[in-house]
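The next block holds one structure in the form of structure tokens; read it before the comments.
Derivation of every value follows stated rules applied to the coordinates shown; laboratory data play no part. Keep in mind that what you see is a predicted model, and the values were worked out from it rather than measured. Reconstructed Cβ throughout: ideal geometry from the backbone, glycine too, with neighbour counts over all protein chains shown.
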Amino acid sequence: MSAGTSIFLRTFAAFAVALVGGALSAVLGRTHKQLCALISLGAGTLLGVAVFAILPECLGVLRWWQFLLAVITGYGLFSLISRYVFHVCPACAASHFDEATTRHFSDIAIPMMVALAIHCAVDGLALAAGHEEQSAPASHPSLDLSMTLAICVHKVPEGLALGALLLGAGFARAQMLWLVAAVEFTTIVGGTIGWFFLREVSSVWLALALAHAAGGFLYLATHAVIGEFLKHHKTLVLTSFLGGFSVIGALILFFHLTD
């Protein structure tokens with residue numbers, strides 16, 4: 001299977017999972033407690049892949065200050081978008097939407113979708129970079145597979161939250177599904193762009209791209225957990241978060257031992 005096909009399949013899987021989440025928000029009722037558990041689980045998987053897979057892979061190629069700088073730029077990008085456009089992940093900001101739901105909800109739909117589209121494109125770029133990095137002689141398959149799993153797990157609450165927020169903004173269910181599909185399709189766009197630009201670059205640039213993505217994962221994970229932990233179900237948040245973090249860590253360890 002060619003690299004382009006593999007990247008497309010991974011990004012399409014992430015897109016499909018998010019679309020399923022959006023569809024579930026249209027046909028099933030969901031409580032904040034259920035969404036909180038999914039958010040925390042997804043946040044744990046993202047942090048797990050950053051710590052257990054991206055960190056050791058990148059530090060084998062980059063100097064510590066290069067890695068740190070790339071992580072800071074990834075974190076800073078999502079922070080700036082969240083501050084001046086809208087939160088890059090509606091699921092991660094679910095604890096902040098209680099007041100917005102009762103007020104000008106329809107007014108925030110467009111900036112919300114723009115911010116999330118940027119976030120999804122970065123997800124696609126990360127999937128492409130992870131797959132290209134796997135092709136390096138000293139790399140391990142755990143990076144590519146664990147990143148794909150982590151992003152797909154995160155896409156479930158992302159699709160649920162986006163669908164629920166669009167319904168709250170007054171969109172009909174069919175309109176909501178089309179909008180979720182349009183926003184999440186940027187995951188495939190990001191993966192395609194990543195495959196086109198990253199397939200010929202050096203291992204240093206691939207590692208920088210992965211470290212940049214890790215900074216974004218760090219932002220998503222911390223904001224998802226902190227917001228829910230401070231305002232809602234502390235035990236549920238910690239249990240779900242540590243569960244996602246531990247499963248990714250165990251999966252990566254398994255791949256290293258069997259490689």
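Quick notes on this one:
- Per-bin percent of Cα-Cα distances, region 179-259 [5 Å]: 3, 11, 11, 15, 18, 20, 13, 6, 2, 0
- The order of GLU133, GLU200, going from fewest to most other C-beta atoms within 10 Å of their C-beta, is GLU200, GLU133.
- Order of HIS212, HIS256 under a 10 Å beta carbon neighbour criterion, fewest first: HIS256, HIS212
- Förster-model FRET efficiency, 30 Å R0, ARG63 and VAL201, C-beta, rounded to 0.05: 0.95
- Report note on the peptides 167-175, 216-224: ranked by the mean count of other C-beta atoms within 10 Å, highest first, their order is 216-224, 167-175.
- Linear extension gain, ILE110 paired with VAL20, 0.36 nm per residue minus alpha-carbon span: 30.3 nm
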